[in-house]
Structures are given as structure tokens and as C-alpha cells.
């Protein structure tokens, strides 16, 4: 008599296990469990709340970076840290801690970010400079502009902006809840709009996208402007959250904006994006650092381990076809 075959996994379980975002959330859960086990459960809720608060900014810039990377190999925005600093410094100084100026400051931050995006794509399209070099070069220019404009001092935000950026509901950061809704909206844009599908098509095969009637140059232009605009918005809210705009406020987001995209399941080869994984990756990155801090490891070890994890994920993700 033949042995009974093991029951096949339900289709929905198989589908979930195949989702690239699953591993980011699983990794975040395991790191959190390791942390609270070490602390014997103390501060478990506070750690999650802090991860949501700090992860918010990685997700905001990660969404823009994700769209850029989806355009295909070689596309990446390295000007994000400088754009955050530039937009934060300009908007904070113009608002001058006046609550009535908050809407104008927000528009200025958007304008600063959009201007950087236009400049970036001008270097890429008109001067034929590779995106990596173009965005890195512009970052020096706009970082210098931020230094000159802000004169190297920390510019404080209006009180209401600071209160909103740090406010919580039932222990959950309001800004994180807003960003979750925004990420859901950008997922709809990616999968349900002409623009989002065009970004994916360009990343899969620019030549085929061109022959199918897609304006490849226009899609790339809009995407670089989107990335820089989100960086400007992030700089605006981060200034409110951290108590002001400072010259190094965006430094850590050069790595974070790329890491959350890759760990979140977006293909580094382009043509495949995953918005759902950004939050899982952002939580994982913060919780990983928290765990290493809890274990008493130094900054050098934290950086090495973070780098090793990112390289490992890129190696795995690199085998994913853009058409998958």
C-alpha cells in the first residue's frame, strides 16, 4: 500500500510565501523577539513605537528611490541626503518658527525637492551623465547651498510642526500612520495607473516600452522629480521631528533609502517594484540597530553587519528576473 502523500499547501499559503516582502517582515519580527528576549520583555512596545517613528522617514525617501531603481540598471538617486538638508534648511529658515508659515514652508520644501529633481534629470538627459554620477554631483552642489543658506546652524521648526511630527495616537506616531496611507496610495499608483505601469515597462525593456508608445524620457523625468520631491518633504518633516534642520540630517538616508528598497523586495535589475516591503525593511533596519545597541556592540560592528546583510540580500535579489 502506497504511503499517503503529504497534503499540498493551500494556494494562498504558497502565494504568501512567494511574496518578496515576507522576509523583510519576518526578519523584523525575529530581531524584535531577540531584543525583547535579551531585555526580558522590558520596553517591547516602546521599541515598536520608536521603529515606526524613525522608519517613517526611510519609507518616505524609499518610495521615491524605489521608483527610480525600478527604471532599470544604473538608475539610482544619490542626491537624497543633500535634498533633505537643502529643503529642510530653506523651509525652516523661511518659516522662522512662525506657525502661520507652515503651509508656505511645506510648499517651499516641495519646490526645493522638485527643483533638485529637474536639475538631476537635466544632467542625465542633456549632458549624458550617468545617473549615479549626476545625482552624486548635484548632491555636493545642494549640500553646499544648504550650508551657505543655513550658515551651519540648526534652524528650529514652528512649534505646531514639531508637535505634529512627534504626536502619537494610542502610542502610534501620527506621521507613521499618514505615511502608511501614503505608501498604500503609491502602491495603487504603481500597479493601477498608466504612469506606474510605464515605470515598470521602462525598467523591463526601455526599447520595447518606446515602441509601445511610452515616452521613456518623460517617465524618467517624472520619476527623478518624484524622488527628489519626496526627499524634500522628508527633510521638512524630519526637521520638525528632530527639532530643526541641521547639515548632517540626511546623511544616514543615503544607505537607508537604497537598503529599504532592496531588502523590501524590489529588483535591483529594474522592472519589478514592491511597495509593501518598504515598511518591513525600514522596521528591520531600525530594529537591527536597536538589537545591536542592546547587545552592547559598537558602531563599527553595527555598520559591518548591516553592510553584510545588504550585500547578502542584493546577491539573492540579483537573481530575480525583471519579468518575475
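The values are calculated or read from the model by the stated rules, or taken from the named source; none is laboratory data. Because the structure is a prediction, the values reported are computed rather than measured. Cβ coordinates were reconstructed from backbone atoms using ideal geometry, including for glycine residues, and neighbour counts include every protein chain displayed.
Looking across the stretch 298-324 at every residue that is out of contact with any helix residue (DSSP H, G or I) (no Cβ under 8 Å at 6 or more places or on another chain) and surrounded by 13 or more Cβ atoms within 10 Å (Cβ to Cβ), the one that is modelled with the lowest pLDDT is identified as 320. Taking the numbered list (1) under 17 Å from residue 260 (Cα atoms); (2) touching a strand residue (DSSP E or B) at 6+ places or on another chain (Cβ under 9 Å); (3) outside any helix (DSSP H, G or I) in turn, residue 53 passes all entries but (3).
Tell me yes or no: at least one residue of the stretch 208-224 is within 17 Å of the chain's Cα centre (by Cα), surrounded by 20 or more Cβ atoms within 10 Å (Cβ to Cβ) and part of a helix (DSSP H, G or I). Taking every residue of the stretch 208-224 in turn, at least one turns out to be within 17 Å of the chain's Cα centre (by Cα), surrounded by 20 or more Cβ atoms within 10 Å (Cβ to Cβ) and part of a helix (DSSP H, G or I). Just one residue in the set 203, 235 is under 20 Å from the mean Cα position of the chain (by Cα), crowded, with 18+ Cβ neighbours inside 10 Å, over 24 Å from residue 83 (Cα atoms) and touching a residue at least 40 places away in the same chain (Cβ under 8 Å); that residue is 203. The numbered conditions (1) more than 21 Å from the chain's Cα centre (by Cα); (2) within 23 Å of residue 286 (Cβ to Cβ); (3) at pLDDT below 90 are all true for residue 36 except (3). Are any of the residues in the stretch 163-171 within 21 Å of residue 108 (Cβ to Cβ) and in contact (Cβ under 8 Å) with a residue 60 or more places away in the chain? Taking every residue of the stretch 163-171 in turn, at least one turns out to be within 21 Å of residue 108 (Cβ to Cβ) and in contact (Cβ under 8 Å) with a residue 60 or more places away in the chain.
Of the helices (runs of 4 or more DSSP H) entirely within the stretch 70-164, those holding at least 3 residues that are in contact with a strand residue (DSSP E or B) (Cβ under 9 Å, 6 or more places away or on another chain) and crowded, with 24+ Cβ neighbours inside 10 Å occupy 80-95. Candidates are the residues of the stretch 277-290 that are more than 12 Å from the chain's Cα centre (by Cα) and touching a residue at least 60 places away in the same chain (Cβ under 8 Å); the one that is surrounded by the most Cβ atoms within 10 Å (Cβ to Cβ) is 284.
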